[in-house]
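Here is the structure we will look at, set down as structure tokens.
The values are calculated or read from the model by the stated rules, or taken from the named source; none is laboratory data. On a predicted model such as this, the values are computed, not experimentally measured, just so you know. All Cβ positions, glycine included, derive from the backbone under ideal geometry; neighbour counts span all protein chains shown. Keep in mind that these areas ignore ligands, DNA and RNA; they rest on the heavy atoms of the full protein, side chains included. Shrake-Rupley method; radii C 1.70, N 1.55, O 1.52, S 1.80 Å.
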Amino acid sequence: MPFEPPRSLSPSKVTSFRQCALAFRFTAIERLPEPPTVWTVKGTLVHSALERLFWRHQRGERSQAAALVELASAWDHLQVDPEWIELALSPGDADSFRGDAETLVKNYFRIEDPNDVTPVGIEVTLEARLGDLRLRGIIDRLDLTPDGDLVVVDYKTGRAPSPAFEQSKLVGVQIYALLCQEVLGRRPVAVRLLHLKEPTVITAEPSEQVLRGQRQKALAVWSAIERACEAEDFRPKTSPLCNYCRFQTFCPAFGGNPDDAAPAFAALATEGAT
């Protein structure tokens, strides 16, 4: 029986399919659980602190001290979050985790002064219909320039890419720019990746040509997903990312059977519930 395509695609899912169709099948089609990692939970914590900084503090009040207060508040809420609990960090590792988060928040202030920023949206969800594709995404921050133009801002807590891979890392925010054009009727003048670890900023101008290209690529990915679902043919693509893939046991490239994955994860869920 053919697989049912996902109801919508996000920028991360577009990238996921292009990186490895089989991993996409496991996560987006069969929806196998994705266990939390230190990196994803830390990113959620830092994002939450910066969101609160803009939600709760007016221009002129957005100081580093205020951001650290919001981080402390987000940290308190995190303690009862199931993903944090599942990490089961030792007290020492938890202290290091929080220390890293504080460093990332402090690094944000080395990139820009939030009092110079005019956000018109925080955690903005946009969805557009492109043919048969429902494309949706959540923008970390949507700014308004003094000239009244839009700027898409995305926070990154991982390591910044080397110059050779900068353009590939801009795909997600370029799709956000496409969503702005489709939904709001306005093409942003810039997209910005704020890499907090280094810290550094990667900026690009999404031209009409670039957004046409992103639209065509998104539709091409969707067509490929529909074909893969119909043929039940999601092929693995080996890369250095395989070293971090939790599905390696079920990958044909490593001698596994993809059809064993869903029953195996279901058995693990049953064991966890007993």
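Here the Gaussian network model covers the chain, with springs between Cα atoms less than 10 Å apart; of 88, 67, 218, 88 fluctuates the most. Measuring nothing but protein heavy atoms, the accessible surface of the chain at 1.4 Å probe radius is 50 percent carbon and sulfur. Heavy-atom accessible area with a 1.4 Å probe sorts 13, 237, largest first, into 237, 13. Ranking 235, 52, 18 from most to least accessible surface, computed with a 1.4 Å probe over the protein chains only, gives 235, 18, 52. Each peptide in 188-199, 99-110 receives the mean, over its residues, of other Cβ atoms within 10 Å, and ordering these scores from highest gives 188-199, 99-110.
Ranking 20, 245, 180 by solvent-accessible area of protein heavy atoms (1.4 Å probe, all protein chains present), from largest to smallest, gives 245, 20, 180.
Highest mobility in the GNM of the chain, judged by mean-square fluctuation with C-alpha springs under 10 Å and restricted to 90, 12, 48, is found for 90. Neighbours of residue 57, meaning other residues whose beta-carbon lies under 12 angstrom from its beta-carbon, give a summed charge of +1 when Lys and Arg score +1 and Asp and Glu score -1.
Entry comment: accessible area of the chain is 54 Å² per residue, from protein heavy atoms only and a probe of 1.4 Å.
A 1.4 Å probe, protein heavy atoms only, puts the accessible area of residue 227 near 150 Å². When both bridge partners sit in the chain, DSSP labels roughly 75% of those beta bridges antiparallel.
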